[in-house]
1. Given the options 56, 49, 104, name the one that is surrounded by 17 or more Cβ atoms within 10 Å (Cβ to Cβ) and either over 13 Å from the mean Cα position of the chain (by Cα) or of a type in the set (Asp, Glu) (or both).
2. Name every residue in the stretch 14-37 that is in a helix (DSSP H, G or I) and either closer than 16 Å to residue 150 by Cβ or hydrophobic (A, V, I, L, M, F, W, C) (or both), in order of residue number.
3. Would you check if residue 151 is within 16 Å of the chain's Cα centre (by Cα), under 16 Å from residue 15 (Cβ atoms), assigned to a helix (DSSP H, G or I) and modelled with pLDDT of 90 or more?
4. Being in contact (Cβ under 8 Å) with a residue 24 or more places away in the chain, in a helix (DSSP H, G or I) and open to solvent by less than 20 Å² (accessible area, probe 1.4 Å) is true for just one of 142, 128. Which residue is that?
5. Can you name the number of the only condition in (1) open to solvent by less than 40 Å² (accessible area, probe 1.4 Å); (2) of a type outside the set (Gly, Ala, Ser); (3) outside any helix (DSSP H, G or I); (4) within 30 Å of residue 125 (Cα to Cα) that residue 41 fails?
6. Across the stretch 68-100, which residue is nearest to residue 53 (Cα to Cα) among those that are open to solvent by 10 Å² or more (accessible area, probe 1.4 Å), of a type in the set (Gly, Ala, Ser) and not in a helix (DSSP H, G or I)?
7. Have a look at 122, 171 and point out the one that is part of a helix (DSSP H, G or I) and either in contact (Cβ under 8 Å) with a residue 24 or more places away in the chain or among the hydrophobic types (A, V, I, L, M, F, W, C) (or both).
Amino acid sequence: MNLEDYSDQDGKKVWLSETEIEQLLDVVDDSKQKLAIGIGVRCGLRTDEIVRVCPEDIADTDAGMMLRIWESAKTGEYRETPIPTDLGSQIRAASEFGDAAADEPVIDVSTRSLRRWMQQATEELRELHDEPGWQYVGFHDLRRTWATQLRSADVDAMVVCDWGGWNDLDTFLDHYRGTHTPEAQRRERQKVDWL
């Protein structure tokens, strides 16, 4: 877990490792909560975008399975972001099994509920792993983690901006890109004999 103080408010920005992402997903038993967290950390959506995801928003394109955000919560603009096949299939299944119509949100809760779910999960993780950093993890940290994981995997920064809905590279670099993932740091450490 990488943490950094906010410059203009209390608390910390957090970037999770892949292991910590799995811990977070594993601690949540409710399928709707797991789906919401999965959309946040694997697609980089904001909370008010997560609660609007509908089965018909999943599209098979020449670029692969994509999640269509018809109107960005922040900019009002359309964008597409890649979605893992298993997550896209879960969302599509919601309409196939009658949990939601194709044009109805699959996470039919308020953004406040999303934040409460995250708080419950991170409190449990803090106790389980004796890691105080969990107290700082919020839903927006999932978006931050997603963006940094993409860059640490050498995805072009402009593609990350496009998928995440950032209009310029400076905004992305100033607010979302953090230290490299632990996996990227480990890869780089291996290049130095004495580390």
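The values are calculated or read from the model by the stated rules, or taken from the named source; none is laboratory data. If you're wondering where the values come from, they're calculated on a predicted model, not measured in any experiment. Because the Cβ atoms are built from the backbone with ideal geometry, glycine has one as well, and the counts that use them run over all protein chains shown. The area values use the complete protein model at the heavy-atom level, side chains included, leaving out ligands, DNA and RNA. Shrake-Rupley method; radii C 1.70, N 1.55, O 1.52, S 1.80 Å.
1. Matching residue, one of 56, 49, 104: 49.
2. Scanning the stretch 14-37 gives 18, 21, 24, 25, 27, 35, 36, 37.
3. So residue 151 does not fit the description; no.
4. Result: 142 is the single residue among 142, 128 that is in contact (Cβ under 8 Å) with a residue 24 or more places away in the chain, in a helix (DSSP H, G or I) and open to solvent by less than 20 Å² (accessible area, probe 1.4 Å).
5. Every condition holds for residue 41 apart from (3).
6. So the residue we want is 73.
7. Answer to the selection: 122.
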